[in-house]
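Single-structure report; data block below.
The values are calculated or read from the model by the stated rules, or taken from the named source; none is laboratory data. Please read all numbers here as calculations on a predicted model, not as lab measurements. A quick note on method: Cβ atoms are made from the backbone with ideal geometry, for glycine too, and the neighbour counts reach across all protein chains shown. Only protein heavy atoms, including side chains, enter the accessible area calculation; ligands, DNA and RNA are left aside. Shrake-Rupley method; radii C 1.70, N 1.55, O 1.52, S 1.80 Å.
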Amino acid sequence: MRQRPSFWYAAPAFAFFALFAALPMVLVVLLSFTSWDGLGTPQPNGVDNWARLADDGQAYDAVGRTVILMVVSWLVQTPISLLIGVWAAGRQRSRAVLSSIFFLPLLLSTAAIALLWKAMFDPNFGVTQSFGGPLGDIQFLGDPSIVLYTVAFVITWQYVPFHTLLYQGAARAIPRNLYEAATIDGAGRLRQFVHITLPQLRYTIITSSILMIVGSLTTFDTVLILTDGGGPGTASRIAPLHMYITGFSGFEMGYASTMAVLLVIVGTALSLLVMRVTGYRSMTSQQEGA
């Protein structure tokens, strides 16, 4: 009979979560029912902030841009990360060298990455101008119709190595005898990928997708630096950035807290939806002690 580890093994993790996640979350929920400029004493105002949020067109537009960014990021990052991760799981020395180079964006700070791509997309001396032709005429950060997709590209460049690392580790854990049996049965690489690799990486795909969804709802500094605060106009002002501008530029911390609570609710609901649709009830650990 398999014995489960004692609850006290997880006590430090629960204490850390309660202090640095649960407690701040409770305080933000309380602030969402107050009127506070960030300096004085918060004044209770009932559900006024929530009633205002229900009629805030700018907040709805910001949430819509966040959803677009989230969907585009997931559609682009998932197949790229999956394919490179499976490829990088090989044992050849050349793959290890190339993987080390590919993972370099993980070593850079978000601010450095945003400043780097902002300079590369500069309409006057950016790298894109050196190509000339139609590419040189595109205003990647100045055209309201494409700036959000430019942000998605930069986020993809930044985070694909991280998700690739997840897929690489999971792919290396797949039992080799499955591929050997498939090879004996005459299955090619494509059939092995479809019928062995993808099913074995199912839980990793779910985990990676949830991280992408939550990450899209918390993306902030990249957009702030890359677009000078959500420009041009408000074309790239996503929900977290709108919350920041409302709280720290508009000095409406109470109302900004309402937006923060809404993002937590949306992120939690989407994560549970993904787990529900993908069959979270069957996600049981196969490791010892689980």
How far apart, in nm, are two points set 7 Å out from the Cα along the Cα-to-Cβ line at ARG93 and at ALA13? 3.9
Only Lys, Arg, Asp and Glu count, each charged at its Cβ (+1, +1, -1, -1), so figure out the dipole size of segment 49-199 about its Cα centre, rounded to 20 debye. 800
Using only alpha carbon positions, build the gyration tensor of segment 25-175, then give the equivalent ellipsoid semi-axes as the square roots of 5 times its eigenvalues, largest first, whole angstrom. 38, 25, 15
Could you tell me how many cubic angstrom of Cα convex hull volume segment 106-147 has per residue? 85
The chain - percent relative contact order, Cα under 8 Å, separation 6 or more: 31
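Normalised radius of gyration for segment 4-96, please: alpha carbon Rg relative to 2.2 N^0.38 Å, two decimal places.
1.82
Suppose R0 equals 25 Å. What FRET efficiency, 1/(1 + (r/R0)^6) with r the Cβ-Cβ distance, do GLU180 and VAL71 give to the nearest 0.05?
0.05
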Count charges around ILE196 for me, please; just the other residues with Cβ under 15 Å from its Cβ, Lys/Arg as +1, Asp/Glu as -1. +3
Share of Cα-Cα pairs in segment 120-207 beyond 22 Å, in percent? 53
Could you size up the charge dipole of the chain around its Cα centre, putting +1 on the beta carbon of Lys and Arg and -1 on that of Asp and Glu, and report it in debye to the nearest 20? 1500
Work out the P(r) tail for segment 45-120: percent of alpha carbon pairs separated by more than 18 Å, whole number. 68
Of the heavy-atom accessible surface of the chain (probe 1.4 angstrom), what whole percent is carbon and sulfur? 68
Projected area averaged over orientations for segment 215-260, convex hull of C-alpha atoms, nm²: 3.0
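To one decimal place, what Kirkwood hydrodynamic radius in Å is obtained for segment 181-225 from all pairs of distinct Cα atoms?
Taking the inverse mean of 1/r over all distinct Cα pairs, segment 181-225 comes out at 13.1 Å.
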Solvent-accessible area per residue for segment 1-73 at a 1.4 Å probe radius, Å²? 74
Roughly what would the spin-label model give for ALA112 and ASP221, points 7 Å off Cα along C-beta, in nm? 1.2
Stokes-Einstein D for the chain at 4 °C, 1.567 mPa s, Kirkwood Rh over Cα pairs, in µm²/s? 59
Mind checking the per residue accessible area of segment 95-189 for me, 1.4 Å probe, whole number of Å²? 57
